[in-house]
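FYI, it's all coordinate maths here, none of it is from the lab. Keep in mind that what you see is a predicted model, and the values were worked out from it rather than measured. Note that each Cβ is placed from the backbone with ideal geometry, even for glycine, and that neighbours are counted across all protein chains shown.
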């Protein structure tokens, strides 16, 4: 969260709207999942109308002190709705991320931290680029997104030797998580 809040501010001189944060996180995780079979933050996403929303963050945005490196500041939109701005409140430590993850995050900032890119543009982009959201929302709006839906086929029923490296890594990670629980 801190990376996106800081970098967005550096590039636009505006604080990051909460909706944009959720889009950045979803793009980061689902794009990385497709490439590597891993979701770096391992957040749980809900298929809301405007796209995937990480519920661990969404559910705590009103809690004072819930996040140590960013603050969620509420404000009233021009339409009279409540909104939140995400303000950086710390120093980003890149040591927690692999170089490929940092590259992915930087690419997303370059792509979307533009004056003309608003929440509607980012929402539309997540609708097009994240199949897991599209499939889940079509079946059951506001349901939890199963990351396996990001893959273009039923990877649980294909022969092991036909799995891509990303698909195989995802299934191994899932099996380890099941055993741990």
If we sort 51-63, 15-27 on the protection proxy, mean other Cβ atoms within 10 Å, highest first, what's the order?
-> 15-27, 51-63
Between residue 56 and residue 12, 0.36 nm times their residue separation minus their Cα-Cα distance comes to what?
-> 13.2 nm
Show me 37-45, 93-101, 69-77 ranked by packing, highest mean number of other Cβ atoms within 10 Å first.
-> 37-45, 69-77, 93-101
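Going by a ≥ b ≥ c, the root eigenvalues of the Cα gyration tensor, does segment 1-141 fall in the rounded group (a/c under 1.5), the prolate group (a/b larger than b/c) or the oblate group?
Values: a/c = 1.37, a/b = 1.06, b/c = 1.29.
The shape class here is rounded.
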For the pair residue 98 and residue 175, how long in nm is the line joining their label points, each one 7 Å along Cα→Cβ?
-> 1.9
So if we plug the beta-carbon distance of residue 144 and residue 110 into 1/(1 + (r/R0)^6) with R0 = 41 Å, what FRET efficiency do we get, rounded to 0.05?
-> 0.85
Evaluate the distance, in nm, between pseudo-label points positioned 7 Å from the Cα of residue 89 and of residue 154 along their respective Cα→Cβ axes.
-> 4.7
Specify whether the C-alpha gyration tensor of segment 4-55 places it in the rounded, prolate or oblate class, a ≥ b ≥ c being the square roots of the eigenvalues: rounded for a/c under 1.5, otherwise prolate if a/b is larger than b/c and oblate if not.
-> oblate
At a Förster radius of 22 Å, what calculated FRET efficiency corresponds to the Cβ-Cβ distance of residue 129 and residue 74, to the nearest 0.05?
-> 0.15
By the Cα gyration tensor axes a ≥ b ≥ c (a/c under 1.5 gives rounded; else a/b larger than b/c gives prolate, otherwise oblate), the shape of segment 34-100 is oblate
